[in-house]
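The block underneath contains the structure these notes are about, expressed in structure tokens.
The values are calculated or read from the model by the stated rules, or taken from the named source; none is laboratory data. In this text, all values refer to a predicted model and were calculated from it rather than measured experimentally. Don't worry about glycine lacking a Cβ; one is built from the backbone with ideal geometry, like all the others, and counts go over all protein chains shown. The protein model used for the area step is the full one, side chains on, heavy atoms only, and it has no ligands, DNA or RNA in it. Shrake-Rupley method; radii C 1.70, N 1.55, O 1.52, S 1.80 Å.
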Amino acid sequence: MRTDLMLFSLEPDGEENLAIRLMAGAADDAGFRVRMVSTPDRKSGAPMLRKALRRQPRALGFLLKPPSNSLYEFTLAKLARRSGYRGFIFCCGSLATLQTDWILSHIPEVDGILRYHPHEPLVRLLAALRNRTDLSEVPSLATRSLRNPPALQETRNWRAIRSGHRAIMGIPTAQVLSSDGCNHRCDYCTHSALSDHLQRESMPAETSSLPGAGNRHRRMIRRPVDDFADEVAALYHRKGVRFFHLADQNPVPDREADALQWIAELKAALAARNVMEPCFSLLTRGDALTPQVIDALADLGLMKTLMGLESAGNDGLAQLGRTGDSFHGMASLEHLIARDVIVHCNCLILHPDSSAASIRSELHGLEHIHHAVFDAVKLRSYSGTETYRRLQRDHRLIGGGLFASFGIDDPIVRSFGIGLNRFRKEVTGPVDPAFRLNDLLISAHLYRRFGRNGERAESILSDVWEAVERVNRFRQRTLGYLLDAAENFRSTDFTLRMAAREYADLSALLDRLALRLEELDDGCRVGTFYRQMASAAVLIMAVSMGSACDRLEKGDLRDSESEGSSDDNGDTDSDTGNDADTDADTDTDADTDVDSDADSDSDADTDTDADTDTMPCGPSAVEEATADLGWQASMNCGAIGGPDTIRVTLDPDGYVTAVELPPGWQGETADTLKACCEEILIGEQFPCLEGTIPVELTTIVILE
């Protein structure tokens, strides 16, 4: 029987792509045959996809969302067509929705975009393709000939098609979802932009300002507590999962009474299902938490939170276009720390309205953060957001297409921005120490809680917290020196050189801590969830195309490359078959078979393709490349990258003139990938503010 839907998913280190797997669950529940093509690295993804497409599924889907700019997915769409695939190729997700016109005009292989939330539109699309009916009835679908209105009622599928569960320090973990969306509005946020787009498209212009007009589509949909508890209980009892990462944008209700009620109901529902002392990780807004809510979350089992602080002062929040109270957020940070919750917060230190005074203020605020992980980054200007529209109105956007950033006129702020870029590129490398510390802290906490010799992790955890303080002070101090250099129009070379030497010692310390944790017990492995997130975002190959002053500051522009090492990794390709008597059991793995067989390719309901000619994309290869380059990279703007990075050649205006694949990528598939990359990139313009253009095969970003 022909497969209705094939979904491609990059899942490094066994980390499930929950959004894609929820889409698979929605189609499977509706009675369609779904096949997941899951690959742990990008090099193996192309041959796996070509092999899987021999079945000619009716639809092939890719999920696009920031921070990915999805060059890889577009390349695979082109590869599918060149391999003879004749079905319907679609994209979905926030990036696809916000840049529908760009994709349809630049990527002819993509037939349509399922905009906004894709679950119901996907089911309707598959029905239309199977029955060969008119696509004009598929809600939210945009093609080159039609643009259908959004669905009147938003529906969500909460059941994911799962393949397995990653273990951290031998303890099974899983991603889950308790809500979708966010009720807040931040100018730079894609979730807010999606909600605004949906509201505008869902109602006539003359009624959009009427009272209650914005309630037609809710910004946030909360999952029934009992349904969420059923999934957690099934994973807890049947799969042994003890650590649950809530992938929600903002799961905790804003009002204290609502938050306390939600937490109490969830705690009671889990207790009724005999789920004892689970651990949770989730995102929070610090300014929306109260001491009572924090206490309730800690009692529920909150172990880790990524807290949206964004700025250490209310003036900074106002400049960012973010609501809230930073002082309340800092108080929440202190209370979370007092309850032994791991906290990671970030500071958007560089944004379109930054000044030397605002940067100094943010650095001063970071001095007061102790016993928590923080990083300081540049704001990204995503297409469709209010920030993007404002920059467009002010003629401050630079770059083009999918690759936009903002220009900075203030020479001091611009110089600091260059220094911040070089700090990330030349000192800390692609995997920021904040991500490495997160993984160490989570691993140590989990083993202390659930490991056979948990008490042995206590001393290591204490040493990890000391490393947190050292890294935080190192970052804050180095960024302060970079600002001093910018204000005094001095070169940053000496500062960065000293920082690189200091960070080499810190990096070695983090490696030793990871080794100590993994020696606690057989099968212990430090988690790499946050490091994989970082790798997916900023694996880079830098190319120098700056202004004359940038060239003078950095010296001659020479090339430097470092080639990552190769290895063999198995790839899992799972197929889900839907039977008429689908079991309604809450175990989400009930109807999914996952095998690992080197060369099977049959027409059975479930089969697995595995290609072992792969190259690792994990942090180790990247760090080896970074180490090999050393300080020389800062003088010649050379390459810092891993096995998944590509190199582009630009003209003086930032337009791509040539594309080069990573070393070691050879053969027919590599040649096809190169041709596909050239079709997408030749003629595209990149932002040239910092004088270096980092490019990664699945993600094109300004290294910030």
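Brief remarks follow.
- Stokes-Einstein diffusion coefficient of region 295-406, Kirkwood radius over Cα pairs, 4 °C, 1.567 mPa s, in µm²/s: 84 µm²/s
- FRET efficiency estimate (nearest 0.05) - Cβ-Cβ, residue 462 to residue 678, R0 60 angstrom: 0.70
- Stretchable slack from residue 409 to residue 292, in nm (0.36 nm times residue separation minus alpha-carbon distance): 37.6 nm
- Pairs with C-alpha atoms separated by more than 28 Å, drawn from the list 51/425; 267/378; 239/304; 65/425; 304/378; 378/674, are 51/425; 267/378; 378/674.
- Site pair residue 144 and residue 340 shows an inter-label distance of 6.1 nm when each label is modelled 7 Å from Cα along Cα→Cβ.
- The largest-to-smallest principal axis extents of the Cα set in region 1-85 are 32, 29, 20 Å.
- Rg/Rh, computed from the Cα trace of region 1-148 with Rh as the Kirkwood radius, has the value 0.92.
- Two numbers describe the Cα atoms of region 336-459: Rg and Dmax, which are 18.8, 60 Å.
- Computed from label points 7 Å out along Cα-Cβ, the spacing between residue 455 and residue 277 is 1.4 nm.
- Here the spin labels are modelled as points 7 Å beyond Cα on the Cα-Cβ line, and at residue 196 and residue 318 they lie 1.9 nm apart.
- Computed E for residue 183/residue 51 - FRET, C-beta separation, R0 35 angstrom, nearest 0.05: 0.20
- Shape category assigned to region 81-135 from the gyration tensor of Cα positions, a/c cut at 1.5: oblate
- Accessible surface of region 478-523 [probe 1.4 Å, protein heavy atoms]: carbon and sulfur percent: 50 percent
- At most 14 other Cβ within 10 Å, DSSP loop - trypsin sites (Lys or Arg not before Pro), region 42-104: 86
- For region 43-124, the convex hull drawn through the C-alpha positions has a volume of 93 cubic angstrom per residue.
- The length gained by stretching the chain between residue 156 and residue 370 to full extension, at 0.36 nm per residue less their Cα-Cα distance, is 73.1 nm.
- Fraction of accessible area attributable to carbon and sulfur, region 1-147 (%, probe 1.4 Å): 48 percent
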